[in-house]
Every structure is written in structure tokens, then in C-alpha cells.
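*Asks:* Sending over a structure as C-alpha cells; questions will come in a sec.
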Amino acid sequence: MNDFVFKDGELYCEQVPIGKIASEIGTPFYVYSLGTLKRHFKVFDESSKIMNSIVCYSVKANSNIAILNFFFRSGWGADIVSGGELFRVLKAGVDTSKVVFTGVGKTEKEIEFAINSSILMFNVESMPELYLIDGIAGRLGKKAKIAFRINPDVDPGTHPYISTGLKKNKFGINIKYAVQSYEDAGNLKNINIAGLDCHIGSQLTEISPFNDAVTIIKDLLYKLINKGFDIKYLDLGGGLGITYENEAPPHPSTYMNSIKSILNGYKGKVIFEPGRVIVGNSGAFITKIVYNKSTGHKNFVIVDGGMNDLIRPALYEAYHEIVQVVKKRGSKIKADVVGPVCESADFFGRDRIFNLPEAGDLMAIFSAGAYGFSMSSNYNSRPRVPEILVDKDRFFTIRQRETYEDLVEKEHIPPLN
Ligand code: LLP
């Protein structure tokens, strides 16, 4: 079932016509379906329960506090990568005993903030980071719980920019040095070893790279347990892909069953950090045609949203389905859908077919709920767009459109002569 559906030729999100939202708040905007979020939450949550597990939603995928609050109220924790994300999850009411902090460049300030917030654990990505955490915990008179993020050198078979578990990547500790790293950590006064962590990449559409990584990590897990380390948490990261075009990623229950059968017998808690699989297909980006332009060589549908609002096509040449919000009849044209930003990478789709696209038509760009708004920027001094949450026949603005004043609010002209 999909919550973005056509009724009488017009696109709805749940029971709300997209055109109605557009006429009230203008364009462009992001719209999310609470119904889809709830369904994805339930499927993943129920599948994960075949193991003793905690789900820590990966905040970077979509970090609006209204959406975070839904996950936290429903019992999930958070996977964070910055002090800003920690601030957001606290605002959204997270249980900090379910927060894991990953990332290669955690600063002293961020580490102190996280220790003071009593998070579940740091997923440590280098030895200098470990020593810094030990020092800060000592100064605060506390103990910091850690896991090492281990790089298993497995190819996730995804876009190179979102592969993280290969030895050429900056992420994690080389598995060759894993045991030594745990032994060194065991000698530090202010560190409690709590877990083992691994995340190999995002938008995985096959099960085998997950299986390969978990098999490698399991070997290490038992090596560590046999050496007497108390590995209470095994964090397997996120990465499960979604359908943008015609990919057929494994269902969460297939993924969980496969992991369970590899891990069989592990007594600790398994942590999952899903992002995209939960929010990706719950959201669409809505934009309006400003002009049709034909250069004599190509047709362009120029819309009022740009790469600053949704950067995935520009950055990864990612495919997103694009439809006209009101179905039309009439002559078909093939066109690139592009934005107003001064970059040739500012496109949403190439060589797409539309029926009589005209200025003023609304377009919906699907699968934009993950890494859409969260990667948006103000490039070309474009105010960031609003985010709308639909619940059945109601809709709520969960982030307002930025104003021109917002663009310059933090800037100052110094008194130069
Ligand atoms: N855990 C860690 C440590 C991560 O780095 C990530 C994503 C996740 C969990 C969540 O992964 P997911 O379940 O969403 O695949 N901007 C890119 C994706 C970057 C992913 C970064 N890390 C995109 O738009 O495709």
C-alpha cells in the first residue's frame, strides 16, 4: 500500500490533495506521510524483535524533531553523528540510554556533551579518539562506554560515495588491529568496553554484503568474548536499501532472519541503525514548473525547487521518480527536469516523459523522505523549504519556510574603513 495515490487524476498524500497543501503554503516543499512512517516503523520494529535488539534510528536521514519524536515515543533510540544531532534528539525526547554516537571526527566539545547526556555508547573510529574520550571522561569524573567501529573490508555494492566498509574508506578501525585496540582500551581507567560496531554502507539492495560483514564481525565477536571482553551490544549499523526505480531490496524480515541465523547464540543485544528504509519512501518533494524551455537541442522543464533543496541527483546521479500532480492528456514531451540553481548538476531527472507540462503545474519527486531536507542548503541564497506532515485528512507544518531575513540573520558587516 502506498500513501501517495492518485484519486480522480490528482495526487494525494493520504487523504489530503497535494494541490491543497501547495495552495496554502506555496511551493516548493517536502511532504511526509505519517501513515507510511508508522507502517515502516512497525515492519522494521516487529522484524527486529526476533532478536534481543534495540533500534537506533539514524537521525541524519531525516532529522525533523516531529519525526524523531514519533520514533522516540514509539520506543526507538537514535544513532547520531554530531553535537547538533544530539541536541535535536534531546529536544525530541529521546531516552539517552538508547543513543549511540558514531563518526570519525567527534570533537572534545561533542564528546563532553555526549558523556554529560549519559548516552549508551560511543562508536569509536580511531585510537586518538579513544584516548581523547578517556581523558574527557576522567576530567568529568565519569566512565565512558565504548564500542569500536570495525571496518570489515566488505564491498556493499552501492554508490562509491555511500560505501563505508572498504579498507580504502576513512571509517572504522582496520579489522587487523581490532583485538589490539580492545586490549589497549581495556587498560584505560575511564573507558568501559560495551560493544562492537560495524556499518558498511547505505542503499544496499542485496543481502550478501550484509551476510559477509556479519560473518566477519561474528568471528571477531567470539574472539573478543573468549578473551574475556564483555560485549553487551553488537551494533550492525544501517544500510538497508529502498526502491527508487526498480530495485528490489530485501524485506526487513529477510534481513533480520539472515542476521539471526548467522549470529545464533549471541547473548547480548543487537543494535540496528536504519535510516532510509524507514523514512525514504514516506516523503515527496513538491515543486512547480516555472518555465518550459526548448533549446532546439533539448527540452527543459524548469521548476522552482533546486539542487540545494534535494541534492541526491546532483551528488550521486540518483534516480527519483517524477510525476505531474494532476494527470494530463495531450502531447507527450521528453525533457530534463531542472532547477534554477547556477550549476549544470542542478537536475532532478533526465529525459523524462510528461504529458503537456506547463508553467504552474505541480510536480512530485518521490522517495525524497531520506537525505532530502536533511542535506539541503541555502546555496544561491535560496531559503530552505517547509516540511509538512500529513496525518489522514490533516496536515501540519513541521518546519516553516525560511525567509530572506533568515538568510542574513547571522551575518554582520564589520566597521571597516
Ligand atoms: N549508521 C551509520 C553509521 C551511518 O553512517 C548511516 C548512514 C546509517 C546508519 C544509516 O544508513 P541508512 O539506513 O540510511 O542507509 N546521503 C546519502 C546516504 C549517506 C548515508 C550515510 N550514513 C544518500 O542520499 O544516499
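The values are calculated or read from the model by the stated rules, or taken from the named source; none is laboratory data. If you're wondering where the values come from, they're calculated on a predicted model, not measured in any experiment. Cβ placement follows ideal geometry from the backbone for every residue including glycine, while neighbour counts extend to all protein chains displayed. Heads up: the accessible areas ignore ligands, DNA and RNA and are worked out on the full protein's heavy atoms, side chains in. Shrake-Rupley method; radii C 1.70, N 1.55, O 1.52, S 1.80 Å.
*Asks:* Does Phe354 satisfy the criteria of being closer than 18 Å to Ile311 by Cβ and buried (at least 22 other Cβ atoms within 10 Å of the Cβ)?
*Replies:* So Phe354 fails the test.
*Asks:* Next question, about the same structure. For the condition within 16 Å of the ligand (Cβ to nearest atom), outside the structural domain of Asn190 (by TED's automatic domain parsing), crowded, with 19+ Cβ neighbours inside 10 Å and touching a residue at least 40 places away in the same chain (Cβ under 8 Å), what is the one hit in Ala61, Ala78? Give the derivation first.
*Replies:* Working: Ala78 fails: touching a residue at least 40 places away in the same chain (Cβ under 8 Å).
When all the criteria are applied, what remains is Ala61.
*Asks:* Moving on. I need the strands (runs of 3 or more DSSP E) fully contained in the stretch 197-313, keeping only those with at least 2 residues that are closer than 26 Å to Phe44 by Cα.
*Replies:* Once the strands (runs of 3 or more DSSP E) in the stretch 197-313 are filtered for at least 2 residues that are closer than 26 Å to Phe44 by Cα, what remains is 233-235, 269-272, 283-294.
Listed here are the residues, each with its yes/no results for (1) out of contact with any strand residue (DSSP E or B) (no Cβ under 8 Å at 6 or more places or on another chain); (2) basic (Lys, Arg); (3) touching a residue at least 12 places away in the same chain (Cβ under 8 Å).
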{"position": "Val303", "(1), (2), (3)": "no, no, yes"}
{"position": "Leu310", "(1), (2), (3)": "no, no, yes"}
{"position": "Ala314", "(1), (2), (3)": "no, no, yes"}
{"position": "Glu321", "(1), (2), (3)": "no, no, yes"}
{"position": "Arg329", "(1), (2), (3)": "no, yes, yes"}
{"position": "Lys334", "(1), (2), (3)": "no, yes, yes"}
{"position": "Cys342", "(1), (2), (3)": "yes, no, yes"}
{"position": "Phe347", "(1), (2), (3)": "no, no, yes"}
{"position": "Asp351", "(1), (2), (3)": "no, no, yes"}
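*Asks:* Of everything in the stretch 311-323, what is within 16 Å of the ligand (Cβ to nearest atom), aliphatic (A, V, I, L, M) and surrounded by 16 or more Cβ atoms within 10 Å (Cβ to Cβ)? Give them in sequence order.
*Replies:* The first filter runs over the stretch 311-323 and keeps only residues within 16 Å of the ligand (Cβ to nearest atom), leaving 311-321.
Narrowing further to those that are aliphatic (A, V, I, L, M): 311, 314-315, 318.
Answer for the stretch 311-323, where residues must be within 16 Å of the ligand (Cβ to nearest atom), aliphatic (A, V, I, L, M) and surrounded by 16 or more Cβ atoms within 10 Å (Cβ to Cβ): Ile311, Ala314, Ala318.
*Asks:* Still on this structure, I have one more. Since Lys232 meets every condition but one in (1) within 18 Å of Ile54 (Cβ to Cβ); (2) open to solvent by less than 40 Å² (accessible area, probe 1.4 Å), which condition does it not meet?
*Replies:* Unmet condition: (2).
So that you can scan it fast, the table gives a plain yes or no per residue for (1) within 27 Å of the chain's Cα centre (by Cα); (2) under 28 Å from Cys198 (Cβ atoms); (3) of a type in the set (Gly, Ala, Ser):
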| site | (1), (2), (3) |
| --- | --- |
| Ile271 | yes, yes, no |
| Val279 | yes, yes, no |
| Val323 | yes, no, no |
| Ala345 | yes, no, yes |
| Phe348 | yes, no, no |
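*Asks:* Now for a different question. Can you find a residue in the stretch 48-56 that is under 28 Å from Gly103 (Cβ atoms), open to solvent by 50 Å² or more (accessible area, probe 1.4 Å), in contact (Cβ under 8 Å) with a residue 40 or more places away in the chain and within 16 Å of the ligand (Cβ to nearest atom)?
*Replies:* No, the stretch 48-56 contains no residue that is under 28 Å from Gly103 (Cβ atoms), open to solvent by 50 Å² or more (accessible area, probe 1.4 Å), in contact (Cβ under 8 Å) with a residue 40 or more places away in the chain and within 16 Å of the ligand (Cβ to nearest atom).
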